[in-house]
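Enquirer: Below are the structure tokens for one structure; questions will follow.
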Amino acid sequence: MLVQPGFALVLDAKTSLGECPLWSIAEQHLYFVDIKRCRIHRFDPATGDLKTLELSEEVGCIGLAQGGGFVAGLRSGIWLLDADGTPVRKLAANPEDQTISRFNDGMVDPMGRFVAGTVDESREKGIAGLYRYDRNGLAQLADGLLTSNGVAFSPDGRRLYHADTLRYTLYTYDYEPETGTASNRQVFARFGSDRDRDRGRPDGGAVDLDGCYWTALFEGGRVQRYSPDGTLLAEYPLPVKCPTMVSFGGADMRTLYCTSASVGRSETELVEFPLSGGLFAMHTDVAGLSKPLFNPEV
């Protein structure tokens with residue numbers, strides 16, 4: 001395993017809980033959310049311009065939709081939003097107790113469905129799940145979770161990656177793009193132990209064209225890259241303690257963006273890591289996968 005040069009700050013975004021960086025190929029802009037402040041940001045890396053869309057509730061994840069706008073996982077459920085972030089219609093309600101559950105990490109699958117998970121804010125009941133939304137409605141793919149994260153798909157669309165962050169575990173599933181079904185859950189990687197859990201736990205992830213999985217390690221201050229067989233290949237440090245999610249972008253899809261968090265961090269940590277909440281990026285030798293567009297008719 002190689003420790004490589006790391007990320008550089010591209011935007012001092014000062015997010016509370018930055019998440020879900022998402023590159024628009026059509027616009028050549030990066031979208032990302034601030035969950036706790038109920039915002040979707042649109043960043044132009046060529047000019048540094050930032051546009052902010054204000055929502056009425058927490059937004060955990062987004063996908064770009066065919067025809068414009070977004071599919072979004074909010075506390076109340078999965079919504080279709082227009083390009084300004086205004087709700088168009090509710091696609092599915094959050095089936096869990098919304099006083100302690102909201103949608104968290106998610107991604108559009110290779111056929112245009114939305115796969116998104118929830119977070120158990122009690123951090124102990126295990127009520128969170130992973131869900132698929134398509135024209136038939138909401139279907140559960142996994143249950144008994146604490147914090148659903150890390151959703152990503154292999155280049156052929158037949159492997160689904162998914163993390164339960166508070167259990168320090170990253171899983172893979174056999175995925176059927178034609179039907180959107182997930183089966184045969186296997187442990188892909190475990191992170192930390194009772195003695196070294198300060199090295200971080202798996203948060204949001206992305207896959208490159210070689211089929212390697214990249215994960216941001218929350219409270220670990222770094223991003224790791226794994227081969228498809230689960231071998232740790234390299235890690236890349238960040239100047240923050242809590243990176244949250246990575247995603248590829250740029251004209252050649254060789255820029256890896258990473259969001260971060262400042263919420264809930266101690267004053268001591270924020271003094272040591274003043275860029276917490278910033279948006280970071282680095283060039284990679286391998287290109288990443290572009291994200292499909294959400295299609296509500298699939």
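The values are calculated or read from the model by the stated rules, or taken from the named source; none is laboratory data. Note that the coordinates shown come from a computational prediction; the quantities given were computed from them, not determined experimentally. No Cβ is skipped: glycine too gets one built from the backbone with ideal geometry, and neighbour counts run over all protein chains shown. The protein model used for the area step is the full one, side chains on, heavy atoms only, and it has no ligands, DNA or RNA in it. Shrake-Rupley method; radii C 1.70, N 1.55, O 1.52, S 1.80 Å.
Enquirer: How much accessible surface area, in Å² rounded to 10, belongs to the heavy atoms of Ile100 with a 1.4 Å probe?
Expert: Number for this one is 40 Å².
Enquirer: Viscosity 0.692 mPa s, temperature 37 °C: what is the translational diffusion coefficient of the stretch 134-200 from Stokes-Einstein with a Kirkwood Rh over Cα pairs, rounded to a whole number of µm²/s? Could you put the intermediate results ahead of the total?
Expert: Numbers: Rh = 13.1 Å.
Result for D is 251 µm²/s.
Enquirer: Pairs of alpha-carbon atoms within less than 8 angstrom and 6+ residues apart define the contacts here; what relative contact order does the chain have, in percent?
Expert: On the way: 893 pairs, mean separation 57.6, N = 298.
Averaging sequence separation for qualifying contacts and normalising by length gives 19 percent for the chain.
Enquirer: Now for a separate question. Could you compute the net charge surrounding Phe188? Neighbours are other residues with a C-beta less than 12 Å from the C-beta of Phe188; K and R count +1, D and E count -1.
Expert: +1
Enquirer: Turning to a different aspect of this structure: So for the stretch 91-248, Kirkwood radius off the Cα pairs, Stokes-Einstein at 4 °C and 1.567 mPa s: how many µm² s⁻¹? Walk me through the numbers on the way to the answer.
Expert: Working: Rh = 15.7 Å.
Result for D is 83 µm²/s.
Enquirer: Right, next: Using +1 at the C-beta of Lys and Arg and -1 at the C-beta of Asp and Glu, which of Gly126, Phe153, Leu141 has the Cα lying farthest in the positive direction of the dipole of the stretch 108-211?
Expert: Towards the positive end, the residue furthest out is Gly126.
Enquirer: When the accessible area of the stretch 1-146 is computed with all protein chains present and a 1.4 Å probe, what percentage of it is carbon and sulfur?
Expert: Details: 2870 of 6010 Å².
That share works out to 48 percent.
Enquirer: Further, regarding this structure: Might you tell me the accessible area per residue for the chain, computed with a 1.4 Å probe and given in Å²?
Expert: Details: 11910 Å² over 298 residues.
Accessible surface, normalised per residue, equals 40 Å².
Enquirer: In the stretch 222-298, if every C-alpha pair distance is counted and binned at 5 Å from zero, what percent goes to each bin?
Expert: It works out to 3, 13, 20, 19, 16, 13, 10, 5, 1, 0, in whole percents.
Enquirer: Calculate what fraction, in whole %, of the accessible area of the stretch 156-196 sits on carbon and sulfur atoms when a 1.4 Å probe is rolled over the protein chains.
Expert: 38 percent
Enquirer: Here is a further query. Rounded, prolate or oblate, given the Cα gyration tensor of the stretch 9-105, with a/c below 1.5 counting as rounded?
Expert: On the way: a/c = 2.37, a/b = 1.46, b/c = 1.62.
Taking the square roots of the gyration eigenvalues as a ≥ b ≥ c, the stretch 9-105 is oblate.
Enquirer: So what J values fall out for the stretch 98-115 if you push phi through Karplus, 6.51 cos²θ - 1.76 cosθ + 1.60 with θ = phi - 60°, rounded to Hz, Gly and Pro as x?
Expert: Values per residue, Gly and Pro as x: 6, 6, 9, 9, 8, 5, 10, 7, x, 7, 6, 7, x, 9, x, 6, 10, 10 Hz.
Enquirer: Can you tell me which of 268-278, 36-46, 57-67 comes out highest on packing, and rank the rest after it, using the mean Cβ neighbours within 10 Å? Don't skip to the end; give the middle numbers.
Expert: On the way: 268-278: 16.4, 36-46: 18.0, 57-67: 21.9.
Most protected by this proxy first, the peptides run 57-67, 36-46, 268-278.
Enquirer: Round to a whole number: what % of the accessible area of the stretch 197-248 belongs to carbon and sulfur, probe 1.4 Å?
Expert: 47 percent
Enquirer: Here's something else I'd like to know. Largest first and in whole Å, what are the equivalent-ellipsoid semi-axes of the stretch 126-170 based on the Cα gyration tensor, each being the root of 5 times an eigenvalue? Before the final figure, lay out each step's value.
Expert: Numbers: eigenvalues 70, 53, 7 Å².
Semi-axes (√(5λ), whole Å): 19, 16, 6.
Enquirer: Straight-line reach only, C-alpha to C-alpha below 18 angstrom: list the aspartates and glutamates that Lys125 could link to, leaving out same-chain residues fewer than 8 apart.
Expert: List returned: Glu96, Asp97, Asp143, Asp164.
Enquirer: What's the local net charge at Val240, with K and R +1, D and E -1, over the other residues with C-beta under 11 Å away?
Expert: Working: positive: Arg222, Lys241, Arg265; negative: Glu219, Glu269, Glu272.
Charge balance in the 11 Å sphere: 0.
Enquirer: Another question, then. Give the shape of the chain as rounded, prolate or oblate, defined through the alpha-carbon gyration tensor: a ≥ b ≥ c are the square roots of its eigenvalues, a/c under 1.5 means rounded, and otherwise the shape is prolate if a/b is larger than b/c and oblate if not. Each step should come with its number before you reach the end.
Expert: Numbers: a/c = 1.23, a/b = 1.13, b/c = 1.09.
Taking the square roots of the gyration eigenvalues as a ≥ b ≥ c, the chain is rounded.
Enquirer: Straight-line reach from Lys291: which lysines have a Cα under 29 Å away, not including same-chain ones fewer than 8 places off?
Expert: Lys291 reaches Lys14, Lys36, Lys51, Lys90, Lys241.
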